[in-house]
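Data first, discussion second: the structure below is written as structure tokens.
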Amino acid sequence: MATVPDAREQPSLRRYSNVAVAFHWITAALVLLQIWLGFSFADMASGPEKANLFTWHRTVGALILLIVLARLTYRLTNPPPPYPPELPEWERVAGTWNHRLFYLVLIAMPIGGVVAVSGLTQGSTITLGGGIQIPKVPGISKQLGEFAGDVHKAAAWFLILLLVLHVAAALKHQFVDKNRAAGRMPPFKDPVDEPVVVGQGGRG
């Protein structure tokens, strides 16, 4: 009689779903683009080129906000895969809070940017790429706009710090620890050929 393979011996990598992976890498690409745009026009002299870059900075910010809200909605209804059991507790806590702070900053920054522009520019609307107009926040004083702008700039540096920590952690898991934590997010691969129970991964 043929032997039925033990399910516990079947390798199964607990990975994020394709939808979650798409959200992750699209967000990452837009954040990197936004950082480049921000640094590019920050110290430029006033003129058409700076105005154009600032318009696209606002546009990418609005797009990031929409994608992050969609991603958060998806995540709440599709829990991420569990951390591998070999991951230390402090790294699980750090990873969880890194993700939470990412969501907080990526939602707060575009909103703060709208508040800043609402207080520091004329007119009743904010122009995005393609001539799209969105309403300003009414009743924002110049002082509040300046404060929101300063917070926005500080948050940008905090975002860069979170990004550096996130990338460093992923590289550590993949190439130093060689555990399955990085392998949850393609294109990182599972560096440990360790049997786990099939069918217990999260949905991403």
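For the condition over 21 Å from A20 (Cα atoms), of a type in the set (A, V, I, L, M) and either open to solvent by 60 Å² or more (accessible area, probe 1.4 Å) or out of contact with any Pro (no Cβ under 8 Å at 6 or more places or on another chain) (or both), what is the one hit in V137, V93, V68?
Of the residues listed, the single one that is over 21 Å from A20 (Cα atoms), of a type in the set (A, V, I, L, M) and either open to solvent by 60 Å² or more (accessible area, probe 1.4 Å) or out of contact with any Pro (no Cβ under 8 Å at 6 or more places or on another chain) (or both) is V137.
Would you check which residues across the stretch 42-80 are under 20 Å from T127 (Cα atoms), among the small types (G, A, S) and in a helix (DSSP H, G or I) and list them?
Correct list: A42, A51, G61, A62.
Could you count how many residues in the stretch 33-50 are without any contact (Cβ under 8 Å) to a residue 40 or more places away in the chain and within 23 Å of I107 (Cβ to Cβ)?
The number of residues fulfilling the criteria is 7.
Quick one: which residue in F23, F39 is of a type in the set (F, W, Y), open to solvent by 30 Å² or more (accessible area, probe 1.4 Å), part of a helix (DSSP H, G or I) and at pLDDT below 95?
Criteria check complete, one pass: F39.
Looking at (1) crowded, with 17+ Cβ neighbours inside 10 Å; (2) at pLDDT 95 or above; (3) under 29 Å from E89 (Cβ atoms), can you tell me which one I160 breaks?
For I160, the failing item is (1).
Since H166 meets every condition but one in (1) touching a His at 6+ places or on another chain (Cβ under 9 Å); (2) closer than 20 Å to V31 by Cβ; (3) part of a helix (DSSP H, G or I); (4) modelled with pLDDT under 95, which condition does it not meet?
(4)
Would you confirm, using the coordinates I've provided, whether K172 is under 16 Å from I35 (Cα atoms), free of Cβ contacts under 8 Å to residues at least 24 places away in the same chain, part of a helix (DSSP H, G or I) and among the basic types (K, R)?
Here the answer is no, as K172 does not meet what is asked.
Quick one: is L128 open to solvent by 30 Å² or more (accessible area, probe 1.4 Å) and modelled with pLDDT of 95 or more?
For L128, the condition - open to solvent by 30 Å² or more (accessible area, probe 1.4 Å) and modelled with pLDDT of 95 or more - is not met.
Within the set of pairs 6+ apart or on separate chains, which have a first residue in the stretch 123-149 that is in contact (Cβ under 8 Å) with a residue 60 or more places away in the chain, a second that is part of a loop (DSSP other than H, G, I, E, B) and among the charged types (D, E, K, R), and C-beta atoms under 9 Å apart?
Cβ pairs passing all conditions: I126/K136.
Does E86 fit the bill of being surrounded by 11 or more Cβ atoms within 10 Å (Cβ to Cβ), assigned to a loop (DSSP other than H, G, I, E, B), acidic (D, E) and in contact (Cβ under 8 Å) with a residue 12 or more places away in the chain?
Spelling it out, E86 is indeed surrounded by 11 or more Cβ atoms within 10 Å (Cβ to Cβ), assigned to a loop (DSSP other than H, G, I, E, B), acidic (D, E) and in contact (Cβ under 8 Å) with a residue 12 or more places away in the chain.
Quick check on the stretch 140-156. Is at least one of its residues more than 28 Å from P84 (Cα to Cα), in contact with a Ser or Thr (Cβ under 8 Å, 6 or more places away or on another chain) and among the charged types (D, E, K, R)?
Within the stretch 140-156, not a single residue is more than 28 Å from P84 (Cα to Cα), in contact with a Ser or Thr (Cβ under 8 Å, 6 or more places away or on another chain) and among the charged types (D, E, K, R).
Take the residues in the stretch 175-187 that are open to solvent by 50 Å² or more (accessible area, probe 1.4 Å) and part of a loop (DSSP other than H, G, I, E, B); name whichever of them is modelled with the lowest pLDDT.
K178
The values are calculated or read from the model by the stated rules, or taken from the named source; none is laboratory data. Fair warning: this is a prediction, and the values are worked out from it, not measured in the lab. Cβ atoms come from the backbone with ideal geometry, glycine included; neighbour counts cover every protein chain shown. Accessible surface is based on the protein model in full, side chains and every heavy atom, while ligands, DNA and RNA are left aside. Shrake-Rupley method; radii C 1.70, N 1.55, O 1.52, S 1.80 Å.
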